[in-house]
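Colleague: Here you go, one structure.
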Amino acid sequence: MESTLAVGFFGALFAIMNPITNLPVFLSVTQDLPPADQRKVAVKTALYCLVLGGAFAAIGSQTLSLFGISVDHLRVAGGLVVLMIGLNMLNGNESTSHHGTDGEKEAYPAPDTVAFYPLAFPILVGPGTITTLILYAHHVNKPLEAVVFAGVFLTVVALLLVTFWNAPWLSKRLSSNARVIMSRFMGMILSAIAIGMISDGLKALLPGLA
């Protein structure tokens, strides 16, 4: 069970928060900063992601229950959101739910204050990430599973930090083709995971479908 949780959770979370495909976004909103200040933004972004993600994972299910929303409702609705993100990645398009609309991009703050908005939220910890965290947190029933969940989340955040910390160096060595291939592949993975979320939710809400 723990290995299944780890593989599924890592695949979904890495596909959405993908450090490689989000590298150009990080560079675009910090392009006016020197490398030292870019690294400071990278550290702040990782810390914000850690705090936001941890909060949603810890109290997400309880918050949903206040609105009368079950985890199975979230599986269907969130699965549709994740599916749209995955399809956009497959087609080479940005998801406005994560990256923002053109108007929102024009209103992004100064380069030295972008760590929380828009990098941590909503680009990295957006609707798809929040859905994934809540749904996989719902599968945690034992202490070992909680350790696995936390370990996977920390690993993805650490990969984000390492990638953004080395953003200037990576941008010179990572070709646009490599980023495109990674984006398309992660889009396919994400779409498949989303279909699983939707089907699991529908089978619980509509038992006749099972």
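Colleague: Give the residues of region 142-182 that are polar (S, T, N, Q) and either on the phi > 0 side of the Ramachandran plot or part of a helix (DSSP H, G or I) (or both), sorted by residue number.
Modeller: Residues satisfying the conditions are Thr155, Thr163, Ser171, Ser176, Asn177.
Colleague: State all residues of region 36-83 that are more than 19 Å from Tyr136 (Cα to Cα), modelled with pLDDT under 90 and either buried (at least 17 other Cβ atoms within 10 Å of the Cβ) or aliphatic (A, V, I, L, M) (or both); if no residue qualifies, say none.
Modeller: Matches in region 36-83: Leu66 only.
Colleague: Would you mind stating whether Thr4 is out of contact with any Lys or Arg (no Cβ under 7 Å at 6 or more places or on another chain), part of a helix (DSSP H, G or I) and at pLDDT below 90?
Modeller: Here the answer is yes, as Thr4 does meet what is asked.
Colleague: I'd like the full set of residues that are closer than 28 Å to Leu80 by Cβ, buried (at least 16 other Cβ atoms within 10 Å of the Cβ) and of a type outside the set (Phe, Trp, Tyr), limited to region 140-167.
Modeller: Val140, Glu145, Val148, Val152, Val156, Val157, Leu159, Leu160
Colleague: State the number of residues belonging to region 168-205 that are β-branched (Val, Ile, Thr), surrounded by 16 or more Cβ atoms within 10 Å (Cβ to Cβ) and more than 15 Å from the chain's Cα centre (by Cα).
Modeller: Total satisfying the criteria: 1.
Colleague: Output the residues belonging to region 14-30 that are of a type in the set (A, V, I, L, M) and within 10 Å of the chain's Cα centre (by Cα).
Modeller: Ala15, Ile16, Met17
Colleague: Same structure, new question: Would you check if there is a residue in region 33-49 being closer than 17 Å to Ile198 by Cβ, among the small types (Gly, Ala, Ser) and in contact with a helix residue (DSSP H, G or I) (Cβ under 7 Å, 6 or more places away or on another chain)?
Modeller: No, region 33-49 contains no residue that is closer than 17 Å to Ile198 by Cβ, among the small types (Gly, Ala, Ser) and in contact with a helix residue (DSSP H, G or I) (Cβ under 7 Å, 6 or more places away or on another chain).
Colleague: Looking at region 1-13, which of its residues are hydrophobic (A, V, I, L, M, F, W, C), surrounded by fewer than 20 Cβ atoms within 10 Å (Cβ to Cβ) and within 14 Å of the chain's Cα centre (by Cα)?
Modeller: Answer for region 1-13, where residues must be hydrophobic (A, V, I, L, M, F, W, C), surrounded by fewer than 20 Cβ atoms within 10 Å (Cβ to Cβ) and within 14 Å of the chain's Cα centre (by Cα): just Phe10.
Quick grid of which residues meet (1) within 19 Å of Leu52 (Cβ to Cβ); (2) of a type in the set (Lys, Arg):
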{"residue": "Glu104", "(1), (2)": "yes, no"}
{"residue": "Pro111", "(1), (2)": "no, no"}
{"residue": "Ala115", "(1), (2)": "yes, no"}
{"residue": "Pro118", "(1), (2)": "yes, no"}
{"residue": "Leu124", "(1), (2)": "yes, no"}
{"residue": "Leu159", "(1), (2)": "yes, no"}
{"residue": "Phe164", "(1), (2)": "yes, no"}
{"residue": "Arg179", "(1), (2)": "no, yes"}
{"residue": "Ser183", "(1), (2)": "no, no"}
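Colleague: For region 58-97, give me the residue count where each residue is more than 24 Å from Ala204 (Cα to Cα), part of a helix (DSSP H, G or I) and without any contact (Cβ under 8 Å) to a residue 60 or more places away in the chain.
Modeller: Residues flagged as more than 24 Å from Ala204 (Cα to Cα), part of a helix (DSSP H, G or I) and without any contact (Cβ under 8 Å) to a residue 60 or more places away in the chain within region 58-97 amount to 2.
The values are calculated or read from the model by the stated rules, or taken from the named source; none is laboratory data. Keep in mind that this is a model prediction, so the values were computed, not measured. Here Cβ is always computed from backbone atoms with ideal geometry, including for glycine, and neighbour counts include all displayed protein chains.
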